[in-house]
Amino acid sequence: MFPTVGHRNYTSALRTVLAEVFNVDPEGHFDALHGGNARWRARIDAIKLADVTPAIIQKWKRGVLDQAGNDPMALRSARETVTSHLRRIKSLFGKKVLRHLSRVTLPDPLPFSECASPRGGWP
């Protein structure tokens, strides 16, 4: 259904955002050799898509941008990061993908469907 590299890239963005939004303990995130990464991914995969609300995503976006402070370069980097993550995540719920998920119960509205990219990043 997905190209392997693209799928990994898009799901990685989703897991990264969910880990930040839901404060998932990063322990083991980079420990693929001893199974830590699998445990970290399982903690994130246990999060229900219905719990991913536009308000929660807006709070995450605001937090990422606020961390950049007033530094123009840091703010541009933060905007580009948010924009990149949101574009990749939204593609997981695109029309071409959804037709393959007819047996999956998805929340309405779809996760990230109401999320706009911050201004000032890439167009």
Which residues, taken from the stretch 26-41, are within 20 Å of His85 (Cα to Cα) and loosely packed, with under 11 Cβ neighbours inside 10 Å?
Phe30
Checking Gly121 against (1) at pLDDT below 85; (2) of a type in the set (Gly, Ala, Ser); (3) farther than 21 Å from Asn9 by Cβ, which test does it fail?
(3)
For Ala116, all conditions in the list (1) in contact (Cβ under 8 Å) with a residue 60 or more places away in the chain; (2) within 18 Å of the chain's Cα centre (by Cα) hold save one; what is the number of the exception?
(1)
Restrict the check to the stretch 3-19 and report whether at least one residue is surrounded by 17 or more Cβ atoms within 10 Å (Cβ to Cβ) and out of contact with any helix residue (DSSP H, G or I) (no Cβ under 8 Å at 6 or more places or on another chain).
yes
Identity of the residue in the stretch 55-91, in a helix (DSSP H, G or I) and of a type in the set (Asp, Glu), that ends up nearest to Thr16 (Cα to Cα)
Glu80
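Consider Ile47 carefully, then state whether it is closer than 19 Å to Pro111 by Cα and crowded, with 18+ Cβ neighbours inside 10 Å. So that I can check it myself, show each step before the final result.
Numbers: closer than 19 Å to Pro111 by Cα: yes; crowded, with 18+ Cβ neighbours inside 10 Å: no.
No; evaluated as a whole, the condition is false for this residue.
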How do the pairs read when you match residues in the stretch 66-91 that are on the phi > 0 side of the Ramachandran plot with residues anywhere that are surrounded by 14 or more Cβ atoms within 10 Å (Cβ to Cβ) and in a helix (DSSP H, G or I), using Cβ under 9 Å and keeping only pairs 6 or more apart or on different chains?
Gly69/Leu75
So which pairs qualify, if the first residue must be in the stretch 97-111 and assigned to a loop (DSSP other than H, G, I, E, B), the second must be surrounded by 10 or more Cβ atoms within 10 Å (Cβ to Cβ) and at pLDDT 80 or above, the Cβ gap must be under 7 Å, and the two must be at least 6 apart or on different chains?
Leu106/Leu49; Pro107/Leu49; Pro107/Ala50; Leu110/Phe93; Pro111/Leu49; Pro111/Val52; Pro111/Phe93
Of the conditions (1) in contact with a helix residue (DSSP H, G or I) (Cβ under 9 Å, 6 or more places away or on another chain); (2) modelled with pLDDT of 90 or more; (3) of a type outside the set (A, V, I, L, M); (4) surrounded by 13 or more Cβ atoms within 10 Å (Cβ to Cβ), the single one that Gln58 does not satisfy is (1)
Which members of the stretch 1-51 meet the condition of being among the acidic types (Asp, Glu), in a helix (DSSP H, G or I) and either modelled with pLDDT under 85 or under 27 Å from Arg99 (Cα atoms) (or both)?
Asp45, Asp51
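The values are calculated or read from the model by the stated rules, or taken from the named source; none is laboratory data. Just so it is clear, the structure is predicted and the values come from calculations on it, not from any experiment. Ideal geometry is used to build each Cβ from the backbone, glycine not excepted, and the neighbour counts take in all protein chains shown.
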